[in-house]
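This report concerns only the one structure given below.
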């Protein structure tokens, strides 16, 4: 581990790699550890009221010596076409790895904040509510700052798995609600409700927290009780009407067959309609019951579409499918040239042309580049596959996830690194 030192904020320089010990929600930067890239960032740091911060000299990029110009009359060496291509590939791989590492670090900080929030719910409910609002606002201001945001598939070890469901549901719900034109304050309250939609499970017996087909009628009633308990906790926390509605109605269905109130779709709060849909999608991809069959993201989306006429708000479902793409991140696919690939990110503007990691036997997996299909006009997706149907060598190369975690990547480069 690289040695760290304390430095006065007034002595900071561009290029220093610093660490903020404020908590992710108490500063405006996307990460708590980062390399200072501008004088403007130093100005923001000074306004935070800190006297000192930690920094890591070994990870810094200080410009200590001006580079000397080439001697007069000495020309730069000519590079062959192959050398130029190799240099461009190395630079692309570097950028792609940095982009993935940045997403995973942000996801890790967000799940850490959510874990701290969960720890406050029963002991300090008012503080937990304030923290939920801060986290929801931080996700909006740090992660969803651009209109065009790619959903990125992450490594399974990117963050706290215990908080992955709440964060998945919150982030995708915020993206979907924003796409429908929801205002910022409403988005923040939706985010609070999404983060806390399962808060009632904290007071339900652990074996009854996740629905099982083997439940007796009494066990099913005990499981469904988590909604009422969540509303009770939400009221103690002082949640807004919108956030409380999400907690109360995230299992309701458009046809009135949901629970606990069996509300018809037009009686369900708009924020709860969003969260109900996304909650179902994540539950299909990441079943919480050990041994339960996980659907691929493509299968989950297909099932939601098949059930859409009865279970979900039709406008919301159509918007969700447009946003996630026909082949959501995490889908294993076969391309039109017979090669196999894993979808790693999708742009809502080109749902049929996501970015993929292609199995190239001649390229080591650690050096494989992500390929945006929008740059390959003659290459399309032929079909979606279950990971088990991939050849063994392809599974080893692509490493399909047993759990699916997403994070928004704004201003994504045209390709990314192998994860």
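The values are calculated or read from the model by the stated rules, or taken from the named source; none is laboratory data. Treat the numbers as computed from the prediction; the structure is a model and nothing was measured. Here the Cβ is made from the backbone with ideal geometry for all residues, glycine too, and neighbour counts use every protein chain on show.
Of 230, 234, 200, 256, which residue is in contact with a strand residue (DSSP E or B) (Cβ under 9 Å, 6 or more places away or on another chain) and in the same structural domain as residue 302 (by TED's automatic domain parsing)? Step through it out loud before you land on a result.
On the way: 230 fails: in contact with a strand residue (DSSP E or B) (Cβ under 9 Å, 6 or more places away or on another chain); 234 fails: in contact with a strand residue (DSSP E or B) (Cβ under 9 Å, 6 or more places away or on another chain); 200 fails: in contact with a strand residue (DSSP E or B) (Cβ under 9 Å, 6 or more places away or on another chain).
Answer to the selection: 256.
Residue check: residue 361 meets all listed conditions (1) assigned to a loop (DSSP other than H, G, I, E, B); (2) under 25 Å from the mean Cα position of the chain (by Cα); (3) at pLDDT 90 or above but one, namely (2).
For the residues 211, 236, the requirement of being part of a helix (DSSP H, G or I) and in contact (Cβ under 8 Å) with a residue 12 or more places away in the chain singles out 236.
Filtered by the rule that a residue be farther than 16 Å from residue 7 by Cα and either in a loop (DSSP other than H, G, I, E, B) or touching a strand residue (DSSP E or B) at 6+ places or on another chain (Cβ under 7 Å) (or both), the range 33-47 gives 37, 38. Can you give me the number of residues within the range 1-59 that are touching a residue at least 40 places away in the same chain (Cβ under 8 Å) and at positive phi? Residues flagged as touching a residue at least 40 places away in the same chain (Cβ under 8 Å) and at positive phi within the range 1-59 amount to 2.
Scan the range 376-395 for residues that are more than 12 Å from residue 342 (Cβ to Cβ) and not in a loop (DSSP other than H, G, I, E, B) and jot them down.
Residues of the range 376-395 more than 12 Å from residue 342 (Cβ to Cβ): 376-380, 382-383, 386, 388-389, 391-393.
382, 383, 388, 389, 392, 393 - these are the residues of the range 376-395 that are more than 12 Å from residue 342 (Cβ to Cβ) and not in a loop (DSSP other than H, G, I, E, B).
Annotation: of all residues in the range 322-337 being out of contact with any strand residue (DSSP E or B) (no Cβ under 7 Å at 6 or more places or on another chain) and over 12 Å from residue 179 (Cα atoms), the one that is surrounded by the most Cβ atoms within 10 Å (Cβ to Cβ) is 326. Is there a residue in the range 219-231 that is part of a helix (DSSP H, G or I), touching a residue at least 40 places away in the same chain (Cβ under 8 Å) and within 19 Å of residue 123 (Cβ to Cβ)? Looking for residues that are part of a helix (DSSP H, G or I), touching a residue at least 40 places away in the same chain (Cβ under 8 Å) and within 19 Å of residue 123 (Cβ to Cβ), one finds none in the range 219-231, hence no.
Of the residues that make up the range 250-257, is at least one within 23 Å of the chain's Cα centre (by Cα) and either loosely packed, with under 15 Cβ neighbours inside 10 Å or assigned to a loop (DSSP other than H, G, I, E, B) (or both)? Full working, then the answer.
Residues of the range 250-257 that are within 23 Å of the chain's Cα centre (by Cα), as a first pass: 250-251.
Filter once more, keeping what is either loosely packed, with under 15 Cβ neighbours inside 10 Å or assigned to a loop (DSSP other than H, G, I, E, B) (or both): 250-251.
Taking every residue of the range 250-257 in turn, at least one turns out to be within 23 Å of the chain's Cα centre (by Cα) and either loosely packed, with under 15 Cβ neighbours inside 10 Å or assigned to a loop (DSSP other than H, G, I, E, B) (or both).
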